[in-house]
Structures are given as structure tokens and as C-alpha cells.
1. If you go through segment 67-98 one residue at a time, how many are over 15 Å from the mean Cα position of the chain (by Cα) and hydrophobic (A, V, I, L, M, F, W, C)?
2. Looking at Ile29, is it at pLDDT 95 or above and part of a helix (DSSP H, G or I)?
3. Only residues in segment 308-336 that are farther than 20 Å from Gly93 by Cβ count as the first member; pair them with residues that are hydroxyl-bearing (Ser, Thr, Tyr) and surrounded by fewer than 19 Cβ atoms within 10 Å (Cβ to Cβ), Cβ under 9 angstrom, at least 6 apart or cross-chain, and list the lot.
4. With the structure loaded, tell me whether Ala60 is over 18 Å from Glu133 (Cβ atoms) and either among the polar types (S, T, N, Q) or within 18 Å of the chain's Cα centre (by Cα) (or both) or whether it fails that test.
5. Just for segment 162-190: of the residues that are in contact (Cβ under 8 Å) with a residue 60 or more places away in the chain and buried (at least 23 other Cβ atoms within 10 Å of the Cβ), which one is nearest to Cys138 (Cα to Cα)?
6. Restricting to segment 318-330, give me the number of residues that are more than 13 Å from Glu278 (Cα to Cα) and part of a loop (DSSP other than H, G, I, E, B).
7. Among the residues of segment 111-127, which ones are under 19 Å from Gln21 (Cβ atoms) and of a type in the set (D, E, K, R)?
8. Got a sec? Which helices (runs of 4 or more DSSP H) wholly within segment 159-255 have at least 1 residues that are in contact with an Asp or Glu (Cβ under 9 Å, 6 or more places away or on another chain)?
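The values are calculated or read from the model by the stated rules, or taken from the named source; none is laboratory data. What you are looking at is a predicted structure, and each value in this text was computed from that prediction instead of being measured. Ideal geometry is used to build each Cβ from the backbone, glycine not excepted, and the neighbour counts take in all protein chains shown.
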Amino acid sequence: MENNPNINFKRKLPKPTELKQEIPVSEKIEKIKEKNDKEIADVFRGKSNKFILIIGPCSADRMDAILDYTHRLVPIQEQVKDKMIIIPRVYTGKPRTIGVGYKGMLHQPDPNKEPDIYEGIRATRLLHKKVIEETGLCTADEMLYPANYRYLSDLLSYVAVGARSVENQEHRLLSSAMHVPVGMKNPTSGDNTIMLNSIKAAQNEQTFIYRGWEVESKGNDLAHAILRGSVDKHGNNHSNYHYEDLSALYNLYCNGGYKNPAVIVDTNHANSSKKYLEQPRIANEVLHAMRHNDNIKKMVKGLMIESYIEDGNQDIEENVYGKSVTDPCLGWEKTEKLIYEIADQL
């Protein structure tokens, strides 16, 4: 070990193969995931007209509350299954711009205790496994650390690359090796060129270094855009979900030679200026744009919505069950109403 007084190597983390043996995927999960992955891929490849809804808390904090929330989605999915595919957001890592604050279940499996990444890695795998096994719904997570993807590679059906990671080469190249949809968010600056470059990199074959290996990827034709709004140099939020924004993205896609042009619209973050109650209005505006332009309708594959059991957010020490400890979310009653409203417009 190098002689550096500024870093402490606490303990070696488990290898992905070791963790997968400890918390294995059952035959039941394999069958659920195979079926759901095909249905989701068909949407992004234009073979299905179903609408994708990636919905759930800003960050997964408590296993019991997340399982409760995802179980509530099951009867709704059954009601809307002819029109929509619901993918629960089980976001176990929370990016922090200045590195301060709750960093998600990956860092703190218990938000009220000290960080424990070793146990956090186990908890995140166990949570994704439980959601699929108990609900039949397949999950989405954000790729915060590319090296950690292998811990969940046999469980995830959707991966998001965040606005602050989308310029990172390792995120882009690893995305090219995945066989599930990967959504590339526009950077916080709002520059669509950066997002599209990331999609291009993910859609092409690559050779790169990953977890001590030289690896080759075949390219991921399911890589696509996520529009989440932007922040200017003065700290002001600017939305990018309007008709004009979607038309502009469609034109950029057409001129760039991309495979399966697609976009998911994030209704929160800078698009809503983190005013979570704006999410239903934004969702309805996107659906309105789809009804008035066939190209937009073809390109927009779904929405990303932040939702939990209770409205708003809280400080960790408040310990309100099912209430976000990071960004504010729609509560359950508003969520249920919104999903049915979306389904009625499809």
C-alpha cells in the first residue's frame, strides 16, 4: 500500500462475483427480467407503442418504505399494462455536487447511522432483488460509480447516467457494454451536443479499461437522451421539455445518424425548478406536444417522475416514513392520480 497519509484504505470490498453468489438471482427473477427487458427494448426500438414511466423516490433510503412503494405500483401496472410499462426508480446512489449530505443507500444503508459502503453494496443488491421478486416489476438505478455496475448488472432493466456524469468517459464507454436501455441526461449546462456525444459513444463499439480488464463492447443501440432542464451561470433554472425543445432534439437526432432516436423527459430537477408539484403539469404538456407532432410522438418514449409515499421532503432526523430525505417528491395520492391521467391520454 502506498505511503500516503491523506488516504485510509479501510477494507477491501467484495468482488461482484462473490456478491452475486451470496445474493443470487433466482430462476423466477431471470424469467421476469427476460420478459420485461424485451418489452422495454421493443419500446426504444420502435417495435412497441407502449409508454415508459420511470417513477419513484429521488433516492432509495429505507428498504421497507421502498418495498411498500413499489408494491403499491403493482395493481396500477395491471390496470395500465396495455398502454404503459412502469419501471420503479430504485436509486441507491445519490450524487452530491459538493460531496456533502446523504449519498444514498449505497453509502448509508441506514440513513441514521454512519456510512458503511460494504453493507451498502449488499443492501442495494438485496433491495433490487426483492423488488423484482416480490412485485414482478423491473428496476432502474443511476450509475454513479461505473465500477459498481457489476454488482447489479443481472438485476437492472434501466440505467440512468446523471447530468454531472454524462461527460465522463468511463460512464460513456461502460454504457456501450450494457444490453439494457441507458438514458444520458443533458448536462447541467443544458448543452445537447454533450448529451448526444455521450449517446454516440454508448451506441458504438468500444475498447476500454474496466475493473482491471481490457474489455471490448459491441455498442448499445438502446442508449438515448433524458431531458432534465439546465442551470445557467447565474444559477437560474431553464426547462427543456417544451414543444420547441423536443422539435429541436428531433432535428439533432435526424442529422446525427443515431440508432433508435429516443428521449425520456424528466419532469423534476431543473425542468420543474425542483418544485415537485409542477410535475403533473409538465407531464401533461409533454403529452400535449406528442399529440400535435408525429415526430415528437415517435421520439418521446416516456417520462421520469419523482414520487414517494408522502409529499415533499424532510431532514433525515425527522424520520417520517416514506418521505424523501433528498429532493421533494409527489406523494402517493397525487402519484396514483397522475399515472391514470397519463394512461387516459395515450
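1. Total meeting the criteria: 7.
2. So Ile29 passes the test.
3. Final answer for the pair search is Ile309/Tyr321; Glu310/Tyr321.
4. Answer is no for this residue.
5. Pro181
6. 8
7. Going through segment 111-127, the residues under 19 Å from Gln21 (Cβ atoms) turn out to be 118-127.
Passing the criteria: Glu119, Arg122, Arg125.
8. Of the helices (runs of 4 or more DSSP H) lying wholly inside segment 159-255, those with at least 1 residues that are in contact with an Asp or Glu (Cβ under 9 Å, 6 or more places away or on another chain) span 192-203, 243-254.
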